[in-house]
Structures are given as structure tokens and as C-alpha cells.
Amino acid sequence: MAGQQRPHDDAGVPVKLALRDVLVLRGGRPVLSVPALDVRRGEVLAVLGPNGAGKSTLLRVMALLERPTRGQVLWEGRPLEGDPLPYRRRMAVVFQEPLLLDMTVEANVRLGLALRGLPRREQRRRAARWLERLGVAHLARRPARQLSGGEAQRVSLARALALDPEVLLLDEPFASLDAPMQQELLEELERLLRETGATAVLVTHDRAHALRLGQRVAVLMDGRLRQVGPPESVFAQPADAEVARFLGVENVLPGQVVSRQEGLVQVRVGPHLLWAVADEDGPSGRVWACVRPEHIVLAPLGSGEEPGSARNRLPGVVVRLAAAGPGQQVRVDLDCGFPLVAYVTVASAEHLGLAPGTGVVASFKAHALHLLPR
Amino acid sequence: MDLLWDGVRGAFRLLIELDPEVWQVVALTLVVSGLATLVSTAIGVAIGSFLALARFPGRRLALALVNTGMGLPPVAVGLLVAVLLWRSGPLGALGLIYTPAAMVIAQAIIALPIVTGFTAAAVQALPAGLRLQVLALGASRWQALWLLLREARLSLLAAVMAGFGAAISEVGASLMVGGNIEGRTRVLTTAIVLETGRGNFDLAIALSLLLLTLVFAVNLLLTLVQQRRPS
């Protein structure tokens, strides 16, 4: 009566899809080298990296569209061997280009279902539902060739979601769209992912997209996985200088909007209430509160030296000091009930007598705190 | 040009009189070139899509050979097939020399590189990611091939038209392997050569007009199919 052993990762969360010792060579040169990567059931994993980092290769390997030179893809812990088709049919991929076929919009959305041999009525029902949910039901009878870029990408999303995939793989799905359209589709996708509870992997070079959709972020550079973790830890503690340069060091703090008045938003972050400036239609509920380290001013505890106009004042303790790149900058890691990074000049670090264990007040203006939906 | 004028007048008279001999030649022309086109399409689309999609050493060389084959001289093909099918030749036992079957073989060989080359170009011209997208939608290899060919269908019909054009218009190979035997292997092109040689210009012109009409009708049909809007 041995029930099937379900694989779990270190945190005890069931793993849906995993890569082990994956190596992809092109012309003898490694373009992707991933010792281990887990996609947990029900999570959205954002794979973030610059162009040419091997993100698309990673996605193709996960989608079983490209066989790695070495290594394995695990499905719920079992290595995949033989014909990948049955597993490919449990996933769906949305590429950067909509890549619709020369048939009607509805036929495009039905195509994946037809390939799986679903009855026609079921195909029609599901296609209609997803075209409706993506707001393109009125285009159903149109030839796909006649659609605009935004419409086509919506149809491409509908086509993938109509498959009811166990894993949804997204390869820069918005990169070919203009900014307002990106924003619109991003919101839509976020809602759909939340509603369906799908396991998803989003490949992107845009950290705002990664922060917005990803419950975990994997940083991929030069074909290597540099760091995997929750967004706040990846952004607060980049694994190395290169990752930090790519991410742009920034404090990314999980918070919750608690109130909103006259253009000011109050956000609870850890034990503190912080102020941010935001429009009426700015994010609400769960947010990422972001502040750049160079916008944080440090002052001695209780000295009265605090700059008057800064709304956010956080008492904290210095954890670590380190020279920060070129120039006369010192990186100060603080513990304010959550980790916070500040940059100060060498001169002011000396003036403040900063050392591990020193108590300071970190302050920054409401303008310096920007909010992203979480 | 009295000669031409007499020829055209004579041609129309022949067409109106519906000479049964002429119609037999027309029918054989259609059957032989139609079958040759079918055979070359079946083989050419398979080879062409393989050359377009597969990755193997020597692929470019193969494509270059196919493209060279598009200009294959019909006389050379005729000679090759004639030697192979000659009664004492390697395939002589089949008894195909001077039969319509031999003509189908020769014309299919002439049309094959054309259909193959056009097919390879058509499939290669599809968007780069389309094959992966189709596979990602859950297509098996055969389903994916079918969908890609469907996407390339306009160009594929052009390939078929070009193949048919080459088959129906060649004369050298049909003459050599068919023998232009009256009532058995005489097709429009071989008949035109014969009648021109005899000085029967009116008949030759009539047959040429018929040939042109035939080519036009077939291409019109295929073009109409090609330009139908997606269902």
C-alpha cells in the first residue's frame, strides 16, 4: 500500500517540475548550466536575467522542446525518458511572439485541444470561455492574421490557458508590446494566475515584471543560475556584484497598504508604518515597497540631527559595513526589524562613527519609497 | 503572315470538329502529366520538408543539388530513363519503354526537384518559432508537420503549379521514352513537334492553343483553391 512518494524541496513544498545537472552546449560552448532548479506546485517562478543569459533555452528545456546535452528534467520527482509528448501535453507555452496560425482566432484557441483529441463541443466551449476571459470574444471569427499585436498576444494567452495546463511557461510574453499594453496584459495575467492557481514559470529581463508576478525569483546570467529565492531576499542580498549590478541594488520590502489619504499611502512593513506617495489608482493590498540605498540618510540615534522633511524614520542597528564599488561609498547593512541597505559616503560613515552594533536612525522621504503590486 | 492566320483558322476548325484523335491526345497529356505531378508532389513535399526541418551534415549540399535539379534538362532525364528502361537495360524486364508509364516516370523526375526546392523554401520561410509553438501546443511530430505544411499551403500550391508546368511542357523526355506512338504515347507536345516537322502548321498551332488552354485551366483551378480565404 505504499503511496507514491511525492517529492518535496527543502522547504517541504511539493515540486512539480525540476531540472537536475542540466547542461546545454551550442557549438561546444555551454549556453546553459543548471545544477538544480525546482518549480514548486502552485507557485509562479520568475526567471530574471539580461538578454542572452540563456533564459529562453532554460524555458525550452523545461517545456521539453529542447533536449539538454546532459542532465534531466524531473516531473513530480520522476526523470522523464522516452517520448516527451504526453508531458508536453500537460504544459503550455506562451512565447514572445504570438505565433498564431493562419486560421480563425477561435480555431487557433481550439488547436491545442483538437491536437489532444478533445470532442468538438468541449473545444468550442473552452475556446469561448477563454476568449471571453481575455476580452477577445468578439474577434473569434476573425482570421488571426488580421489582429493587432496586443490582440494577438491575448489570443495566444487564451490558447495556452484553454489547455488548462499543469505548468504554464511564459517566455517574455509582453516584450513585443508597447508599454501601456504590457501593463494591461500584465495585470490580466496576474489575475488569471491567481484565479487558476497554476504553476507557472515566467522568463523576463524586466525586474518589475518579475517582482510583480514571481513568488520566487531565479537570477540567470551567462547561462548560470546565480541565485534563487523570494524577491525580497534576492533584491536585498544579491549573491555577487554582477547580480547586484544587474538587479540594481534596491531594498525591496514586502508590505501591506493600510491607509490612503491625499496622495499619501501608509504601508506596513515589518514592525513599521512607512509613508509613500502614490496616485489614487496606485497599488493597494499586498505591495513591494522599494527604496534605493542612496536615498536613505543615516543619523545617530536620538541626536536631533534627523532631516526634517523625511517622513520615514526607522531606528536600527548596523549589521555590516562594506566598501560599495567605485567612489567614496560605503554600503551599510542595517537591521530595522527587516534588513535595509543604505549607501553613505566614507566621510559621513566616519562622522557617524558607524560600526557593527551601532544604533542609527535611517530616514527617507515618502517620495523615495515606491510601491509595486505584489 | 498568311501562314499564321491559316494556322489559327485551321486550329479553330479542328477544335470545333472535335476530332476524336485530338481529344485522345489531350486526355493522355492530362493523365500522364497529372500523374507525374501527383508522384512528384508526394515525394517532393516529403523530401522538401525534411530538408527544411532536419539538421544533418550535408544538408546544404543536398539543397544545392535540389536547386540545381530545378534546371534539369528534360533530354538528359529522357536519356537516363530510356537507358534504364531499355529492353536490355537494368529495368528492361518491366517492359515499360514506349509506354505512358515510362513518360510518367520521366516527367515526375523532371518535376521532382522543382516541387522539392519550392517546398523546402516555403517551409523555411515560415516564422522561426512556429515549429516550437506548434509542438508546445501538444502536436506530435506528424501533427506538427501537417500544421506547418498547412501554414505553407499557398507556397506549396505554387510548387505544385510549377511542377505541373514543367511536366506538361517538356517534350524531349516524352519523345525518347514514349516514342510518340499514335494512339498510345502521343501527347500534345510530341504531337506538336511531329506536325511542325511535317509542315502541318494549322494542326501544330491548334495543338499549341489546346496545350496553352489546358495549362491555363489547371493553373486557374489551383489558383482559385490557393486564393480561397481561410475557413
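The values are calculated or read from the model by the stated rules, or taken from the named source; none is laboratory data. Since the structure is predicted, the reported quantities are computational estimates derived from the model, not experimental observations. Cβ: placed from backbone, ideal geometry, glycine included. Neighbour counts: every protein chain shown.
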Give the residues of the range A:213-264 that are under 29 Å from A:Ala310 (Cα atoms) and of a type in the set (Val, Ile, Thr), sorted by residue number. A:Val234, A:Val249, A:Val252, A:Val257, A:Val258
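Taking the options B:Ala158, B:Ala144, B:Ala139, B:Ala173, name whichever one is modelled with pLDDT of 95 or more and part of a helix (DSSP H, G or I). Talk me through it step by step, then tell me what you get.
Details: B:Ala158 fails: modelled with pLDDT of 95 or more; B:Ala139 fails: part of a helix (DSSP H, G or I); B:Ala173 fails: modelled with pLDDT of 95 or more.
That would be B:Ala144, the only listed residue that is modelled with pLDDT of 95 or more and part of a helix (DSSP H, G or I).
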Being buried (at least 19 other Cβ atoms within 10 Å of the Cβ) and within 7 Å of chain A (Cβ to nearest Cβ) is the filter here, so list the residues in the range B:133-164 that pass it. B:Gln133, B:Leu135, B:Ala136, B:Leu137, B:Gly138, B:Ala139, B:Leu147, B:Glu151
From the list B:Leu135, B:Leu130, B:Leu145, exactly one residue is under 28 Å from A:Gly117 (Cα atoms) and in contact (Cβ under 8 Å) with a residue 24 or more places away in the chain. Which is it? B:Leu145
If you take the residues in the range A:117-147 that are assigned to a loop (DSSP other than H, G, I, E, B) and over 23 Å from B:Arg153 (Cα atoms), which one is farthest from the other protein chains (Cβ to nearest Cβ)? A:Gly135
Any chance the range A:153-173 includes a residue that's under 27 Å from A:Leu37 (Cα atoms), β-branched (Val, Ile, Thr) and part of a helix (DSSP H, G or I)? no
Does A:Ala162 meet the test of being farther than 28 Å from A:Ala18 by Cα, touching a helix residue (DSSP H, G or I) at 6+ places or on another chain (Cβ under 7 Å) and within 14 Å of chain B (Cβ to nearest Cβ)? no
Residue match in the range A:297-310 (condition: of a type in the set (S, T, N, Q), in contact with a helix residue (DSSP H, G or I) (Cβ under 6 Å, 6 or more places away or on another chain) and in contact (Cβ under 8 Å) with a residue 40 or more places away in the chain): no
Where in the range A:2-95 are the strands (runs of 3 or more DSSP E), entirely inside, with at least 2 residues that are surrounded by fewer than 21 Cβ atoms within 10 Å (Cβ to Cβ) and either assigned by TED's automatic domain parsing to the domain that holds A:Ala244 or at pLDDT 95 or above (or both)? A:15-26, A:29-40, A:70-75
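Mind telling me which of the residues A:Pro315, A:Pro307 ends up being of a type outside the set (A, V, I, L, M, F, W, C) and modelled with pLDDT of 85 or more? Step through it out loud before you land on a result.
Numbers: A:Pro307 fails: modelled with pLDDT of 85 or more.
That would be A:Pro315, the only listed residue that is of a type outside the set (A, V, I, L, M, F, W, C) and modelled with pLDDT of 85 or more.
Any residue in the range B:74-97 that is hydroxyl-bearing (Ser, Thr, Tyr) and touching a residue at least 24 places away in the same chain (Cβ under 8 Å)? Don't jump to the end; show me each part of the working.
Taking the range B:74-97 as the starting set, the residues that turn out to be hydroxyl-bearing (Ser, Thr, Tyr) are B:88.
Narrowing further to those that are touching a residue at least 24 places away in the same chain (Cβ under 8 Å): none.
Within the range B:74-97, none of the residues are hydroxyl-bearing (Ser, Thr, Tyr) and touching a residue at least 24 places away in the same chain (Cβ under 8 Å).
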Conditions (1) in contact with a strand residue (DSSP E or B) (Cβ under 9 Å, 6 or more places away or on another chain); (2) more than 9 Å from chain B (Cβ to nearest Cβ); (3) in a helix (DSSP H, G or I): number failed by A:Asn108: (1)
If we scan the range A:203-224, do we find a residue that is touching a residue at least 40 places away in the same chain (Cβ under 8 Å), away from chain B (no Cβ under 14 Å), surrounded by fewer than 21 Cβ atoms within 10 Å (Cβ to Cβ) and touching a Ser or Thr at 6+ places or on another chain (Cβ under 6 Å)? yes
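What number of residues within the range B:116-136 are in a helix (DSSP H, G or I) and closer than 19 Å to A:Leu169 by Cβ?
Step one: filter the range B:116-136 for residues in a helix (DSSP H, G or I), giving B:116-124, B:130-136.
Next, from what is left, pick out any that are closer than 19 Å to A:Leu169 by Cβ: B:130-136.
Total meeting the criteria: 7.
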Collect the residues in the range A:117-137 that are touching a residue at least 40 places away in the same chain (Cβ under 8 Å) and among the charged types (D, E, K, R), keeping them in residue-number order. A:Arg133
Looking at B:Ser88 and the list (1) among the hydroxyl-bearing types (Ser, Thr, Tyr); (2) closer than 30 Å to B:Arg153 by Cβ; (3) at pLDDT below 95, which single condition is not satisfied? (2)
Odd one out for A:Glu187, checked against (1) under 22 Å from A:Asp38 (Cβ atoms); (2) in contact with a Pro (Cβ under 9 Å, 6 or more places away or on another chain): (1)
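Quick one: how many residues across the range A:71-93 are within 27 Å of B:Arg153 (Cα to Cα) and more than 9 Å from chain B (Cβ to nearest Cβ)? Give the derivation first.
Just the residues of the range A:71-93 that are within 27 Å of B:Arg153 (Cα to Cα), to begin with: A:85, A:88-89, A:92-93.
From what's left, more than 9 Å from chain B (Cβ to nearest Cβ): none.
Summing the residues that are within 27 Å of B:Arg153 (Cα to Cα) and more than 9 Å from chain B (Cβ to nearest Cβ) in the range A:71-93 gives 0.
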